[in-house]
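Step one of this worksheet: look at the structure below.
The values are calculated or read from the model by the stated rules, or taken from the named source; none is laboratory data. This is a predicted model, so every value here is computed, not measured. No Cβ is skipped: glycine too gets one built from the backbone with ideal geometry, and neighbour counts run over all protein chains shown. Areas reflect the complete protein model, heavy atoms only, side chains present, ligands, DNA and RNA absent. Shrake-Rupley method; radii C 1.70, N 1.55, O 1.52, S 1.80 Å.
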Amino acid sequence: MIPAPFDYEVAESVDQAVELLGSRDDAKLLAGGHSLIPLLRLRFARPALLVDIGRMDDLRYVRDAGEQLAIGAMTRHNDLQHNPLVQEHTPILSHTAGLIGDPQVRHRGTIGGSVAHGDPASDLPTVLTALDADLVVRGPGGERTVPAEEFFRGVFETALGPQDVLTEIRIPKLGAAGWTYVKFTRRAQDWATVGVAAVVRRTNGTIDAAAIALTNMGPTPVRARAAEGALKTPDDAAGAANVVAQESDPPTDTSGSADYRRHLATVLARRALEEAISR
Ligand SMILES: Cc1cc2nc3c(=O)[nH]c(=O)nc-3n(C[C@H](O)[C@H](O)[C@H](O)COP(=O)(O)OP(=O)(O)OC[C@H]3O[C@@H](n4cnc5c(N)ncnc54)[C@H](O)[C@@H]3O)c2cc1C
């Protein structure tokens with residue numbers, strides 16, 4: 001289908017984008033366009049105004065910020081996959097970015113668009129939830145920082161207001177922690193039927209801390225606290241995987257039933273935990 005008519009403006013700064021978003025009742029930002037344009041073409045979204053931030057290269061960066069990496073919202077998936085700072089300090093993010101879609105999607109899609117879209121099948125929001133990332137938002141009232149776990153509110157719903165721009169993602173460096181992200185797809189390049197992010201800190205035979213988050217197992221990324229608490233030693237991977245779906249509320253759709261997803265999450269979590277522990 002052809003999109004419904006809309007006006008189009010190019011924003012050259014975050015402040016200008018915030019102002020333009022406030023100029024109409026139903027204005028939307030356009031970043032890489034790889035989630036929004038399909039919605040426009042299906043007429044599931046009919047904004048009166050598109051505010052294009054795709055040329056704002058000053059939001060496309062990765063910086064070492066001491067104990068964190070600071071990543072600009074316009075940083076593309078392909079940049080995340082290949083950036084040396086991301087590979088060194090948050091390798092789970094570069095690994096996961098490389099699993100998104102196909103090369104065209106990874107060269108156009110941005111981390112900010114992926115987060116702001118709030119699709120429960122997206123991979124990066126799950127990883128950011130497991131990593132306890134902070135999301136920096138600029139709106140008419142100034143700047144605020146929202147923890148990833150509070151940012152995602154429901155299917156396509158986030159903490160962003162109608163005039164807010166997500167500007168930066170701050171991620172604690174992983175140090176020596178073991179990590180992985182695994183996802184199951186029915187066809188190559190599909191969204192995840194289920195995905196599991198795991199980060200494990202261990203000292204010899206003891207697990208000091210674990211973070212586990214799930215993709216497409218509820219309306220938002222799901223933090224699997226029961227499984228995290230069950231992982232005390234490397235031998236607990238299977239036991240922890242058995243309770244990984246405890247806090248989830250998976251959908252039933254053409255990719256699988258809720259029960260199938262619960263089973264798949266258990267299988268993937270066991271693989272993910274064994275891999276993260278062995279790293
Ligand atoms: C064929 C295909 C396969 C895909 N496969 C996967 C996959 O396997 N895994 C996966 O995770 N994703 C997948 N995607 C989605 C892809 O990662 C998108 O690029 C991403 O979800 C959206 O990023 P974007 O920059 O294209 O955002 P856009 O489409 O431009 O915007 C998406 C939404 O976010 C808003 N927005 C964008 N930037 C900001 C910002 N800085 N501040 C506030 N709001 C903002 C827009 O207004 C819009 O509502 C796929 C997409 C396609 C087309």
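Taking the condition within 8 Å of the ligand (Cβ to nearest atom) and polar (S, T, N, Q), does S94 pass?
No; evaluated as a whole, the condition is false for this residue.
For the range 16-26, which positions are part of a helix (DSSP H, G or I) and either open to solvent by 40 Å² or more (accessible area, probe 1.4 Å) or among the basic types (K, R) (or both)?
Q16, E19 - these are the residues of the range 16-26 that are part of a helix (DSSP H, G or I) and either open to solvent by 40 Å² or more (accessible area, probe 1.4 Å) or among the basic types (K, R) (or both).
Take the range 164-189 and flag every residue that is in a loop (DSSP other than H, G, I, E, B) and either among the charged types (D, E, K, R) or surrounded by fewer than 18 Cβ atoms within 10 Å (Cβ to Cβ) (or both).
Within the range 164-189, D164, K173, G175, A176, T185, R186, R187, A188, Q189 meet the criteria.
Within the range 190-210, is even one residue within 11 Å of the ligand (Cβ to nearest atom), open to solvent by 20 Å² or more (accessible area, probe 1.4 Å) and not assigned by TED's automatic domain parsing to the domain that holds E67?
yes
Given the structure, is S13 within 9 Å of the ligand (Cβ to nearest atom), open to solvent by 30 Å² or more (accessible area, probe 1.4 Å) and hydroxyl-bearing (S, T, Y)?
It is false that S13 is within 9 Å of the ligand (Cβ to nearest atom), open to solvent by 30 Å² or more (accessible area, probe 1.4 Å) and hydroxyl-bearing (S, T, Y).
Of all residues in the range 215-253, which are loosely packed, with under 15 Cβ neighbours inside 10 Å and assigned to a strand (DSSP E or B)?
D253 - this is the single residue of the range 215-253 that is loosely packed, with under 15 Cβ neighbours inside 10 Å and assigned to a strand (DSSP E or B).
Does D119 satisfy the condition of being part of a loop (DSSP other than H, G, I, E, B), more than 13 Å from the ligand (Cβ to nearest atom), at pLDDT 95 or above and among the acidic types (D, E)?
The answer is no for D119.
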